[in-house]
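A quick write-up on the structure given underneath.
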Amino acid sequence: MRVNATGYILVGGASSRFGRDKALVELGSSPMCVRMSRLLEEVFVPEVWLVGDPAKYGNLGLRCIPDSWPGEGPLGGILTALRHAETTQKADYNLIVGCDMPFLTKDWLVELLSRAFRSEARVMLAESQHGLEPLCAVWHTGALTTVEGQFKQGVRKVTEAVKCLNREILDESVWKRFDSAGLLFWNMNTAADFEEARRVWETERA
């Protein structure tokens, strides 16, 4: 697959409901941010970057850029990634994911990227039973100006920024075949979620 994309993993969240840093909790003996980085590398993305505090994650052997708007939520992290893509990476497409989605798969991310390459959309994302999934999406670098404008106007919800972009939304008819267990977009918001993810992971391994 021709890849003109950069990968970004958002690790700058406060994890207030979780009680500790979600990016550093270990699943299968590896911190979540390391697991996600390996996953994006399997999708043939040439470079993968963490978006967060280099002082916290710099010892993991992963590339990391500081979140330009720490404490402002994931939209600030997405904007940081898009700025970095435009000024440094020179890639047209950016696969941006949260660090807390343990059941994302290579097959789904390849499908997502492949569709983005064939689309005129500025953001390609799925809509699950829980709504839009903007923290597992392909963002075109050309979305930067619009996202930045929304951010300056006070928008902080990622789904609100998405509404202002030329977008392509993939419904269940597209993503369901990649989600036989019903866990593809499942994310860990609490310590209980993490324990459930670990139980599922260990069961699958067994």
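The values are calculated or read from the model by the stated rules, or taken from the named source; none is laboratory data. All values reported here derive from a predicted model rather than from experimental measurement. So basically every Cβ, Gly included, is an ideal-geometry build from the backbone, and we count neighbours across all protein chains shown. Heads up: the accessible areas ignore ligands, DNA and RNA and are worked out on the full protein's heavy atoms, side chains in. Shrake-Rupley method; radii C 1.70, N 1.55, O 1.52, S 1.80 Å.
A few points about this structure:
- Test: residue in region 128-146 that is of a type outside the set (A, V, I, L, M), modelled with pLDDT under 95 and over 17 Å from the mean Cα position of the chain (by Cα): yes
- Boolean, L50 is closer than 24 Å to K152 by Cα, touching a Cys at 6+ places or on another chain (Cβ under 6 Å) and either free of Cβ contacts under 8 Å to residues at least 60 places away in the same chain or not polar (S, T, N, Q) (or both): yes
- Matching residues, region 1-31, being in contact (Cβ under 8 Å) with a residue 40 or more places away in the chain, in a loop (DSSP other than H, G, I, E, B) and either open to solvent by less than 20 Å² (accessible area, probe 1.4 Å) or in contact with a Ser or Thr (Cβ under 9 Å, 6 or more places away or on another chain) (or both): M1, V11, G12, R17, F18, G19, V25
- Filtered residues of region 63-76 (kept if closer than 20 Å to R38 by Cα and open to solvent by less than 40 Å² (accessible area, probe 1.4 Å)): C64, I65
- Within region 32-47, the set of residues being without any contact (Cβ under 8 Å) to a residue 40 or more places away in the chain and either open to solvent by 10 Å² or more (accessible area, probe 1.4 Å) or assigned to a loop (DSSP other than H, G, I, E, B) (or both) comprises V34, R38, E41.
- Residue in region 103-110 that is touching an Asp or Glu at 6+ places or on another chain (Cβ under 7 Å), more than 17 Å from F178 (Cβ to Cβ) and in contact (Cβ under 8 Å) with a residue 60 or more places away in the chain present: no
Okay, residues lined up against (1) under 13 Å from the mean Cα position of the chain (by Cα); (2) assigned to a helix (DSSP H, G or I); (3) more than 17 Å from V123 (Cα to Cα):
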site: W69; (1), (2), (3): no, no, yes
site: A81; (1), (2), (3): yes, yes, no
site: T87; (1), (2), (3): no, yes, yes
site: A91; (1), (2), (3): no, no, no
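- For A197, the conditions (1) out of contact with any strand residue (DSSP E or B) (no Cβ under 7 Å at 6 or more places or on another chain); (2) among the small types (G, A, S); (3) in contact (Cβ under 8 Å) with a residue 12 or more places away in the chain are fulfilled apart from (1).
- From R122, R156, residue being within 22 Å of S68 (Cα to Cα) and either open to solvent by less than 40 Å² (accessible area, probe 1.4 Å) or touching a Phe, Trp or Tyr at 6+ places or on another chain (Cβ under 8 Å) (or both): R122
Yes/no per residue for (1) assigned to a loop (DSSP other than H, G, I, E, B); (2) among the small types (G, A, S); (3) in contact with a strand residue (DSSP E or B) (Cβ under 7 Å, 6 or more places away or on another chain):
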residue	(1), (2), (3)
D107	no, no, no
G142	no, yes, no
R177	no, no, no
W186	yes, no, no
